[in-house]
1. When the residues of segment 384-436 are filtered to those that are of a type in the set (Asp, Glu) and either crowded, with 16+ Cβ neighbours inside 10 Å or touching a Ser or Thr at 6+ places or on another chain (Cβ under 7 Å) (or both), which remaining residue is nearest to Asp208 (Cα to Cα)?
2. Tell me which residues, restricted to segment 291-311, are within 23 Å of Glu281 (Cα to Cα) and of a type in the set (S, T, N, Q).
3. Are any of the residues in segment 97-118 among the β-branched types (Val, Ile, Thr) and either out of contact with any Pro (no Cβ under 8 Å at 6 or more places or on another chain) or under 27 Å from Ala328 (Cβ atoms) (or both)?
4. Looking at this structure, is Thr124 surrounded by 21 or more Cβ atoms within 10 Å (Cβ to Cβ) and more than 19 Å from Val44 (Cα to Cα)?
5. From the list Gly318, Gly345, Gly357, exactly one residue is surrounded by 14 or more Cβ atoms within 10 Å (Cβ to Cβ) and on the phi > 0 side of the Ramachandran plot. Which is it?
6. Any chance you could count how many residues in segment 1-43 are crowded, with 20+ Cβ neighbours inside 10 Å, modelled with pLDDT of 95 or more, of a type in the set (A, V, I, L, M) and not in a strand (DSSP E or B)?
7. Can you find a residue in segment 171-186 that is modelled with pLDDT of 95 or more and among the hydrophobic types (A, V, I, L, M, F, W, C)?
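The values are calculated or read from the model by the stated rules, or taken from the named source; none is laboratory data. Because the structure is a prediction, the values reported are computed rather than measured. Cβ placement follows ideal geometry from the backbone for every residue including glycine, while neighbour counts extend to all protein chains displayed.
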Amino acid sequence: MLKIESYSPEGFIALDNSALIYPPTEARFNANTFRVSVDLTVEVDPSILELALHEVLQRCSYAKVSLHKGFFWYFLSPNNKAPILHPEGAYPCARFFFKKNNGYLFKVFYSRNRIALECFHALTDGSGALIYLKMLIQKYYSLASLGDFVFKGALDFERKSTKQEFSDPFQHLYNKNLPGSPSTGSSYHRIGEGSYDDRVRVVSAMVDAATLHSTAKKQGASITEYLSSILLWSLQELQREEVPLQKKRKPIRLSVPMNLRKIFHYDTMRNFTLFAVPGIEPALGEYTFEEVLKNVKHDMAISQDPKRILSQIKRNVGGERNFLMRIAPNVIKNPLFKLLSDSLGDDLYSAVLSNLGYVEVPDELQPTLSRMDFYLCPGEMNKVALAVIGWKDKVVLNFTSFYNVDTKLERMFCSFLVEAGIPVSISTNRPEREDQ
């Protein structure tokens with residue numbers, strides 16, 4: 001009997017616990033992809049970029065894998081095919097067609113002045129992808145003779161991979177003696193206006209980092225707490241329009257990914273994220289922004305308690321280790337995973353807000369780095385998502401949406417920022433006019 005070790009870089013590689021849900025639930029409106037990118041003032045040479053990517057994969061062999069559907073589980077195996085560079089398209093975070101990508105769970109895109117990395121979530125999370133992008137830019141600049149520097153947080157090219165880099169931390173932290181954390185009920189899901197399709201449209205709001213930080217600090221909040229509160233408040237206003245009768249209004253909750261590397265000091269390049277779910281209950285009455293923020297700060301503090309996180313890990317890993325789940329074939333598991341993804345995932349929250357934090361840019365890169373971005377693919381149940389990243393003196397808020405013309409949530413959110421004294425610069429990939 002083949003023994004699959006999640007920490008082994010050779011032979012068959014088990015998906016990490018967080019990744020198990022992504023392959024069976026991947027679909028047209030559930031691509032499970034995200035993107036990180038840099039814009040440069042120098043022209044990108046794809047031939048050098050290809051060499052840089054080869055060097056990154058030599059260092060991080062655990063990314064040189066392909067996804068396969070076994071009888072019982074999906075699994076990864078080493079991929080000896082060459083990765084493909086893709087010219088930049090009009091829309092980010094599209095669905096992966098693995099055969100057209102030589103089996104890889106990531107894509108590297110380029111245009112004249114942009115380098116972008118998109119990942120299927122079964123490979124890694126946003127923090128892991130950011131490390132891959134840092135290493136790619138670092139090596140590209142070195143090979144192109146544009147400069148030698150080291151990104152803070154990037155892996156050392158001169159050191160071999162450690163076991164911790166490609167191990168599954170959820171298995172390491174699993175404690176069968178803990179109680180599993182309970183789930184919450186369903187949340188409000190905005191109906192929206194007009195038609196939608198699977199092209200990911202972006203409304204990008206750029207703000208001054210110092211102004212945003214000081215405004216949040218005056219409220220006693222972090223940037224993530226402050227932005228989460230604005231998003232919840234905006235969704236409350238939209239639900240009030242859709243559902244006039246107060247007692248019929250549903251709870252509004254956000255899914256806010258937490259980077260567990262910072263909490264448990266475990267430096268893995270696989271998924272190591274769980275989600276805070278701050279929220280409000282508009283059926284109880286209308287919340288002022290100050291009340292929303294108070295709830296968010298409370299919920300975020302509780303969510304980051306290591307004991308509560310370990311209880312979530314017990315629930316998730318315990319489900320994977322369940323005897324019936326282990327022996328059930330994929331033909332039975334896949335519909336069950338879809339059900340679990342809806343009932344314990346998308347149905348529990350009204351939107352996603354993911355903040356990758358502030359990226360420290362090396363001095364040698366600063367003159368030629370003009371922009372950084374982070375994008376999430378939205379889902380069918382929650383058709384708008386918000387991804388945040390900071391660099392130099394800027395913070396970029398990228399709203400991604402499946403709606404063809406509806407930007408009411410984005411406009412309400414940005415108007416709140418402006419009224420709070422935070423100037424906003426807007427850009428978009430939306431055509432000037434799209435058909436309903």
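1. That would be Glu410.
2. Selection gives Asn295, Ser303, Gln304.
3. Within segment 97-118, one or more residues are among the β-branched types (Val, Ile, Thr) and either out of contact with any Pro (no Cβ under 8 Å at 6 or more places or on another chain) or under 27 Å from Ala328 (Cβ atoms) (or both).
4. Answer is yes for this residue.
5. Being surrounded by 14 or more Cβ atoms within 10 Å (Cβ to Cβ) and on the phi > 0 side of the Ramachandran plot holds for just one of Gly318, Gly345, Gly357, which is Gly357.
6. 1
7. yes
Conditions (1) surrounded by 15 or more Cβ atoms within 10 Å (Cβ to Cβ); (2) in contact with a Phe, Trp or Tyr (Cβ under 9 Å, 6 or more places away or on another chain); (3) of a type in the set (Gly, Ala, Ser), marked per residue:
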position: Pro182; (1), (2), (3): no, no, no
position: Glu193; (1), (2), (3): no, yes, no
position: Asp208; (1), (2), (3): yes, no, no
position: Leu212; (1), (2), (3): yes, yes, no
position: Ser222; (1), (2), (3): yes, no, yes
